[in-house]
1. How far is helix 79-90 tilted off the main Cα axis of the chain, in degrees rounded to 10, range 0 to 90?
2. Hey, in the GNM for the chain with a 10 angstrom Cα cutoff, which one of Pro137, Pro110, Pro79 fluctuates hardest?
3. Straight-line reach only, C-alpha to C-alpha below 25 angstrom: list the lysines that Lys65 could link to, leaving out same-chain residues fewer than 8 apart.
4. According to a simple spin-label model (label point 7 Å from Cα along Cα-to-Cβ), what is the distance in nm between Leu89 and Ser64?
5. How tilted is helix 97-108 with respect to the longest principal axis of the chain? Cα atoms for both, answer in degrees (0 to 90, nearest 10).
6. Does anyone have the angle between helix 139-149 and the longest principal axis of the chain? Alpha-carbon axes, 0 to 90°, nearest 10?
7. Under 1.5 on a/c is rounded, so check that first for segment 1-115, then, if it is not, pick prolate when a/b is larger than b/c and oblate when it is not; a ≥ b ≥ c are the square roots of the alpha carbon gyration tensor eigenvalues.
8. Is any residue of segment 73-95 close enough, with backbone N under 19 Å, to a label point placed 7 angstrom from the Cα of Arg146 along the Cα-Cβ axis, and if so, which?
Amino acid sequence: MTWTCDSCGQPIYNIQDGWVEWLTRMGPNGESLYSHSMRLVHHMPSSPQRGGCQYDGHRTYAVSKDLNSDLDLEFFASPDGLTDLLQKLSDNEFHNQEELIEMIKRLHLPNYEEARLYLTEAVAQGVFEPNSKPGYPHQGQLLAVRRWTGI
């Protein structure tokens with residue numbers, strides 16, 4: 001299983017090299033208002049010499065006053081991680097619930113991560129006929145996209 005880094009677009013080949021992060025908008029009294037901008041990235045130290053794919057917490061806070069939140073990909077890809085993501089969904093923690101649902105699909109639906117970037121084009125090319133809401137393909141459709149792309 002590989003994942004695509006939402007920062008650099010390169011593959012994440014090893015689950016230990018992945019990180020799930022998001023930002024939390026803070027209120028004027030320091031209360032958490034909502035979360036947003038969830039993404040899957042390479043877990044690398046951010047330094048001026050090396051760069052990095054993770055949010056720069058100091059810069060983010062200086063610009064928007066948002067706080068970084070994160071955990072390792074290995075946790076979120078586990079059953080406990082799925083429970084945590086579903087709890088965030090149940091608690092309406094995210095301003096845009098679809099971005100949270102997208103992360104759940106990426107981490108827990110077989111074949112979704114590999115095929116997701118090609119779904120729109122695959123439908124346009126007639127690879128499969130959509131019979132569900134866009135972005136919610138069935139396994140047979142995901143497998144058809146993987147065959148079509150050769151991934």
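Read the figures in this text as sums done on the coordinates, not as results from a lab. Quantities reported herein were computed from a predicted structural model and do not represent experimental measurements. Glycine gets a Cβ as well: all are built from the backbone with ideal geometry, and neighbour counts include every protein chain shown.
1. Roughly 80 degrees, rounded to the nearest 10.
2. So, out of Pro137, Pro110, Pro79, the one fluctuating most is Pro79.
3. Leaving aside lysines fewer than 8 places away in the same chain, those within reach of Lys65 are Lys88.
4. Reported label-point gap for Ser64 and Leu89 is 2.3 nm.
5. 60 degrees
6. Tilt of helix 139-149: around 80 degrees.
7. Oblate is the answer for segment 1-115, as a/c is 1.5 or above yet b/c matches or exceeds a/b.
8. Zone members listed by number: 77-78.
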